[in-house]
Amino acid sequence: MPVEILMPELGESVHEGTVSRWLKKVGDFVKEDEPVVEIMTDKVNTELPSPASGILVKITIPEGADVEVFHEMGLIEPDEAAAKAFIAGAGGGSSALEPTETVQSQATPDTAPAAATPLAPAIEGRRWYTPVVRAMAKEHGVSDQELATIPGSGLDGRVNKKDLEGYLATRGKVSQSPPPPSAPAPTSKQAPEFKPPAAVAAGPDQEIVPLAGMRKMIAEAMVRSSQVPVVSTLIEIDVTTMVEFRTRNKDSFLETYGVKLTYTPFFIKALAETLHQFPMLNASLQDNQITMNKKVHMGCAVSLGKDGEGGLIVPVLRDVDSKSLIEIAKDLETIAAKARGNTLGVSDVQGGTFTITNPGSYGAVLGTPMINAPQAGIAGIYGIIQKPVVINGMIALRHIMNVVLTYDHRIVDGLQAGRFLQAFKQRMENFDFFK
């Protein structure tokens, strides 16, 4: 009997994912626990192991398609003879790749209504909705009765996030439009025919590429973050002491501790101590409630793949407020290696309380980083440039860098943000806390 490949629950807040790549094709033999499919979520990209040994006889969810938690993505048949019969019955494997809706659409008009009867599954008289849909409905004041009127395009006619987003985009427009005129329109003039927006078509020197996988997840996360009212504040910091310290000690540090001494651990250590001084920037706002975090778990933006072509992910360094510079350097190297090697687990990207991004590592000198919602703040660290500055009436060459703090203006005011940056600047310039 075929064994289902189910979409697992990859964390408390992960309710759906995208099939980014099938590692096996229909007809291939796969061993139990051997990676069979790659799943992308807004938290992590991971390979799922096969639940049994056998032949992959069906791919229910093709590459690029979304799948909800606990739903079937494919089938493994342990028995070789049964597998060959299954594939032969599916037309040599080609029809096994078609979504279930394709098979249902071949029903005759007489049988279609009967087949459509179970498309709205109910539990104790109520339709079932994913936590994502429930949360969106609550946020926009959509009742269960109103949800029940929305046509669903998901499995078994279920209302998914896209269905609800489409409904909310047009919600209320009909009721707000003026009533039709009582007198019939003149027969000489006909109402303009509605034309749906034309599909995007490629020109002779263009190519249409679907938004899928990591880039799709990043896009959705950016849209969520763009809903937060934010402000960005800039400060200049003289990091000459840090640059000279690293230059003197980087070789011995690598020899003694086995990891490279980069600038980022200094920034993380200083930010962690400053966040304890200004706890609201280490907080988050959700559902009109502020969560105050007593520990600092620092999200670190990491580019994936060669030259960053694989997208961006934000793994989390935990308890950085209670760790030494050496421990932070080791943790940073470990988590960065896992990110670039695509071996991050869900726990590696969850629970961040504040985020640091370092565009200065690729030469950027200024920018406005986007907040990682629902966190209250993100610090952008930009390139270190040697330039002349005036000190006590004298001109000197110093190493200067820009730091930009983007913060949730609903819970953090400009005064707090300014004082936070000043405290961070003082720690970096005094350099006492590293000794």
Review point. Among the residues of the range 374-396, is any under 30 Å from D287 (Cα atoms), outside any strand (DSSP E or B) and touching a residue at least 24 places away in the same chain (Cβ under 8 Å)?
Key: yes
If we keep only residues of the range 124-149 that are aliphatic (A, V, I, L, M) and either under 23 Å from D287 (Cβ atoms) or assigned by TED's automatic domain parsing to the domain that holds E16 (or both), then the residue modelled with the highest pLDDT is V142
All conditions in (1) under 23 Å from the mean Cα position of the chain (by Cα); (2) within 20 Å of A423 (Cβ to Cβ); (3) part of a helix (DSSP H, G or I) are true of L332 except (2)
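Take A221 and tell me if it is surrounded by 16 or more Cβ atoms within 10 Å (Cβ to Cβ) and either closer than 19 Å to S303 by Cα or among the aromatic types (F, W, Y) (or both).
Yes, satisfied.
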Looking across the range 266-293 at residues that are without any contact (Cβ under 8 Å) to a residue 12 or more places away in the chain and assigned to a loop (DSSP other than H, G, I, E, B), the single one that is surrounded by the fewest Cβ atoms within 10 Å (Cβ to Cβ) is N288
Of those in the range 191-224 that are touching a strand residue (DSSP E or B) at 6+ places or on another chain (Cβ under 9 Å) and either at pLDDT 75 or above or not small (G, A, S) (or both), the residue nearest to N430 (Cα to Cα) is I218
The residue that is surrounded by the most Cβ atoms within 10 Å (Cβ to Cβ), considering only those in the range 341-366 that are within 16 Å of the chain's Cα centre (by Cα) and assigned to a helix (DSSP H, G or I), is D348
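The values are calculated or read from the model by the stated rules, or taken from the named source; none is laboratory data. Everything numeric in this text was worked out from a predicted model, so none of it was measured. With ideal geometry, Cβ positions are generated from the backbone for all residues, glycine too; neighbour counts draw on all protein chains shown.
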